[in-house]
Structures are given as structure tokens and as C-alpha cells.
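Shown next, in C-alpha cells, is the structure this report addresses.
The values are calculated or read from the model by the stated rules, or taken from the named source; none is laboratory data. Note that the structure is predicted; figures quoted are calculated from it, not measured. With ideal geometry, Cβ positions are generated from the backbone for all residues, glycine too; neighbour counts draw on all protein chains shown. SASA here: full protein model, heavy atoms, side chains in, ligands and nucleic acids out. Shrake-Rupley method; radii C 1.70, N 1.55, O 1.52, S 1.80 Å.
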Amino acid sequence: MRDFAQTHPWWTAVLVVVAAVLLWLIFAIWPPGLIDVIGRKKVFLNALFNGITLGGLYFLVASGFTLIFGLMRNVNLAHGSLYLLGGYVGFYVADGTGMWLLAFPVAFIVVAFFGVLLQILIFRRMEGDDLRQTLVTIGISIVMADLMLWGFGGDFFNISPPKWLSGPLETFFVTGVKRSSGELIYMKYPMVRIVIFAASVVVGVGMWLALNKTRIGMMIRAGVDDRDMLSATGSRIQLVFVGVFAFGAGLAGIAGVVGGTFQSVAPGEDIRFLLASLVVVIVGGMGSIPGAALGALLIGLAEQFGSVYFPTYAVVLTFLIMVIVLAFRPQGLMGRS
């Protein structure tokens, strides 16, 4: 941060001003004039928190995608299908057993096993051939979408969280003041979204530590840079890559359970989350876990604020961020040059 401030003093000043204004908007009691211009503070705070928690969901999907695509250079355009498969598996496990938490490990294991099959049967035979990987995985995603539509139908499924996570949690953010008594009104927000977002933060920190502070993470990064040299040292690079692919696919399965809890599981969600993962990885930078987190946060906030304040141009706002990043920093905000 110090190096950035010394190199880009004007950008640093702009970021400080933006952060100060945002903090004031979050914690201050809005005057009537500001409410007339922007709207109620409750709507603003809901859009902010919805964007942050949606960013956590996007991060879970995109982090697995950035492991597979950014680190291993495997173009897996069936990643959205893995997300949807995890959502369906999670729904039937939670609905059949009544145990919401059990849906996460089961979805992870099932989708990770499917990812192992993809890596061994498909990607190992087409290493380094990006065009073939793209075309084949598009075909796999279409076939999987049709099979899931045939097997699970076209209905919308919602995964119900347990009772201890149901209902709102009263926060310390003030949304207004009662005119009659002068009592402060505090924002309430769904407990399940807060818990799942906290879990996504834990997953992100754990992945960063695993990639940067462990021997396996060193092997993964070395295998990407020079696979032949790492193989010459006696390391079982193929086994490592299978494990990474399985873990990335399993994260997509977990994200499917989270998405089914946040919103719903339905046909078409695979395409939506595949596109979101692509945008997040492009904005954040391929192979960067912090970049995936930053990109997911930006895209989640852009979608939610766009849907509230610019509903007609909400989708355009998301892709506008991607275009600006590509114009000024083609490798992504935190990608390597």
C-alpha cells in the first residue's frame, strides 16, 4: 500500500476520499435533502450488504474457476454446470435428511469426483490445446444442462437453512430516526447471508495461505510455470493437478448449495454463474485469489446497486467495469504482468 501511495499519489487521494464518503454514508444519519436525492438509507444499506454477500457467492464460484483456469491453464467452460449440479445435489440432500450442513460436504464430494473425471478423461488428453478444451467443455455444459433438465425438471428449488439461521439479525447500522420518539432505527439483515459470507472469507484466506505458504502450493505454482522441470524433481505433478481440479470443482459444488440458499436452483443458473466467473477472473486477474475476491466484490456491488438505482443498465454496469479494467490493466487488477 505504501508503494502504491508513493507511485500513484493522485489515485491514492481519490481512493481516500471515496472511502471517507462511503463510511459517512454507512454510519451517519442522513439529512432529508440527501434522502430526497438518493432515497432511503435502508435501501442503500440493503443494496450494499446484498452486493457484499453476493460477492461472497461469486467468489466461491470464481475461486474454483481461477484455480482451474488461471493456475492450471485448463479452459473449463463447464464450470457453471458444476455449480448447478452442486445446487441440485445440495437441495436433495438437505430436503431428504433435513440437515442443511450435510449438503455442503456431500455436494463438494460429488462435484469434486465429477471434476476428477473431467481432468483425467478430458483435460489430460488436451493439455495446452485451449481451443479444443473450449469447444469440448461447451459441448459438455450443453449436455449436462439437458441431462439436469431431464433429471430434475424445470422447477425452481430453494434450499431452506436451519431454524437457527432463519430470520434477521439486528445490526448496529442506523437507518433512520423515529419522528415521534427520536429513537434510532437499526438495520436488520438475514442471519444466513452473514454466516455464509463469513465462511467464504475463511475459505478465501485458507486458499491464499495454502497456495502461498505451503509446499503443495509451491508445487502447484511451480508446475504451472515449468511442469517439465518440476516433474524432473520426482514430484507427481499429475496427481497434484488432479487434486487442484477436484478442489476447484468441489468449490463450485459448495457455491451451488450457497446459491440455492441465497436465491434458488433452476435451469439457466449455470450460464449466469459461468459468465459471472469469467468477468470476476478477468477483472481480478487470472490465478490470483485476492484478485478473485476483489473482482467478485466489485461485480456483486455493481449488480446490486445497478438493480436498485439503474435497473435498466444494471447488466451494462457490470461489463463496463470489465471494459475499463481491460483498457487500463489488461492482466486484471491483481494479475501478474
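Please find, within the range 137-147, the residue that is nearest to VAL265 (Cα to Cα) out of those that are open to solvent by less than 90 Å² (accessible area, probe 1.4 Å) and not aliphatic (A, V, I, L, M). Before the answer, list the steps.
Within the range 137-147, the subset open to solvent by less than 90 Å² (accessible area, probe 1.4 Å) is 137-141, 143-145.
Cutting the leftovers down to not aliphatic (A, V, I, L, M) gives us 137, 139, 141.
Values: THR137: 21, GLY139: 21, SER141: 16 Å.
Going through the qualifying residues, I end up with SER141.
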Taking the range 182-193 only, how many residues are open to solvent by less than 80 Å² (accessible area, probe 1.4 Å), at negative phi and not hydrophobic (A, V, I, L, M, F, W, C)?
3
Positions within the range 271-289 being touching a Gly at 6+ places or on another chain (Cβ under 9 Å), open to solvent by less than 60 Å² (accessible area, probe 1.4 Å) and either under 29 Å from ILE159 (Cα atoms) or not in a helix (DSSP H, G or I) (or both), in sequence order:
PHE273, LEU274, ALA276, SER277, VAL279, VAL280, VAL281, GLY285, GLY287, SER288, ILE289
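Which of the residues spanning the range 303-337 are of a type in the set (Gly, Ala, Ser) and within 19 Å of SER63 (Cα to Cα)? Spell out the reasoning first.
Kept after step one, since they are of a type in the set (Gly, Ala, Ser), are these residues of the range 303-337: 306-307, 314, 327, 332, 335, 337.
Correct list: GLY332, GLY335.
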Among (1) under 22 Å from the mean Cα position of the chain (by Cα); (2) surrounded by fewer than 18 Cβ atoms within 10 Å (Cβ to Cβ); (3) more than 22 Å from GLY80 (Cβ to Cβ), where does THR134 come up short?
(3)
Would a scan of the range 257-270 turn up a residue that is part of a helix (DSSP H, G or I) and open to solvent by 60 Å² or more (accessible area, probe 1.4 Å)?
no
Residue selected from the range 290-317 under the condition surrounded by fewer than 24 Cβ atoms within 10 Å (Cβ to Cβ) and among the β-branched types (Val, Ile, Thr), by the criterion nearest to SER141 (Cα to Cα)
VAL315
